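Nothing in this text is a laboratory measurement; each read-out follows from the coordinates by a stated rule. The structure presented is a predicted model; accordingly, all values stated were derived computationally and were not measured. Ideal geometry is used to build each Cβ from the backbone, glycine not excepted, and the neighbour counts take in all protein chains shown.
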Amino acid sequence: MQSDEWELDDLDKQILSILQGNARIAFTDIARQLDSPDTTIHFRVRRMKDKGIIKNFTVLISPESLGLNQYAFFRLKVSGHILPDISKERAQQIAEKQKQRPEIRFVGIEDDETTIIGLALVHDFKELEQLRNLFEKNTDITEIQMWPLTKVLKGEDYTDQLV
């Protein structure tokens, strides 16, 4: 059974909620909070790990504490090729390359398969401009749009896994 086929019950959801707030909490403490045997908590967590529902227990780092203060969404359009499949292939290659860049926190490809959407997290606006200049040097990219953000109100989890 795959994780997308797995149906979580209320206890599983409560366990996940507690672990999302503090992944280091002892299972005995979770058991006490949920008035459930600690063996049940151990079993449920192990099962969710085995099913791929829990991917990892991790440390979340504050980007701001490392001087990373400038967020920006970006959109890159890849086109201008004689065959549309070439543009799709180049978009995939460019997106794969962006995955390797530490300042790119999210990258995806739209339904048209030639448009890349991403989220960058850098120290300042100057670094954001350097990123834009890097995009401009790629002749396969025909359109660049960037939307700097002044504040993230929700979604910090997308930006705080820095290593």
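Proximity of backbone amide H atoms, modeled 1.01 Å from N, is registered between residue 149 and 71, 72, 73 at under 5 Å, excluding neighbours fewer than 5 places apart on the same chain.
Remark on residue 106: its backbone amide H falls under 5 Å from those of 119, a criterion applied only to residues 5 or more positions apart or on other chains, H modelled at 1.01 Å from N. Sorting 117, 25 from the fewest to the most surrounding beta carbons within 10 angstrom yields 25, 117. Taking the charge dipole of the stretch 63-150 about its Cα centre, with +1 at Lys and Arg Cβ atoms and -1 at Asp and Glu Cβ atoms, the residue from 135, 147, 74 reaching farthest to the positive side is 135. Ellipsoid semi-axes for the stretch 63-150, based on the Cα gyration tensor and the rule √(5λ), read 25, 12, 10 Å when sorted largest first.
What the phi angles of the stretch 95-101 give under the Karplus curve with 6.51, -1.76 and 1.60, with θ = phi - 60°, is a coupling list of 4, 4, 5, 5, 4, 7, 7 Hz, glycine and proline written as x. The 3J(HN,Hα) values that the Karplus relation (6.51, -1.76, 1.60; θ = phi - 60°) gives for the stretch 7-19 are, in residue order, 10, 7, 8, 4, 5, 4, 5, 5, 4, 4, 4, 5, 5 Hz. Gly and Pro appear as x.
What length, rounded to one decimal in nm, is gained on full extension from residue 138 through to residue 97, with 0.36 nm per residue of separation minus their alpha-carbon distance? Working shown, then result.
Numbers: separation 41, 0.36 × 41 = 14.76 nm, distance 1.19 nm.
Here the answer is 13.6 nm.
The alpha carbons of the stretch 3-50 stretch over 29, 20, 18 Å along the principal axes, in descending order.
If packing is taken as the mean number of other Cβ atoms within 10 Å per residue, what is the order of 42-52, 136-146, highest first? Write out the running numbers ahead of the final one.
Details: 42-52: 14.6, 136-146: 13.0.
Peptide ranking by packing, descending: 42-52, 136-146.
Taking the Cα centre of the stretch 63-150 as origin and assigning +1 to Lys and Arg Cβ atoms and -1 to Asp and Glu Cβ atoms, the resulting dipole is close to 180 debye. The string of couplings for the stretch 33-45 from the Karplus curve (6.51, -1.76, 1.60, θ = phi - 60°) is 4, 9, 6, 9, x, 5, 5, 5, 5, 4, 4, 5, 5 Hz, one whole number per residue in order, with x for Gly and Pro.
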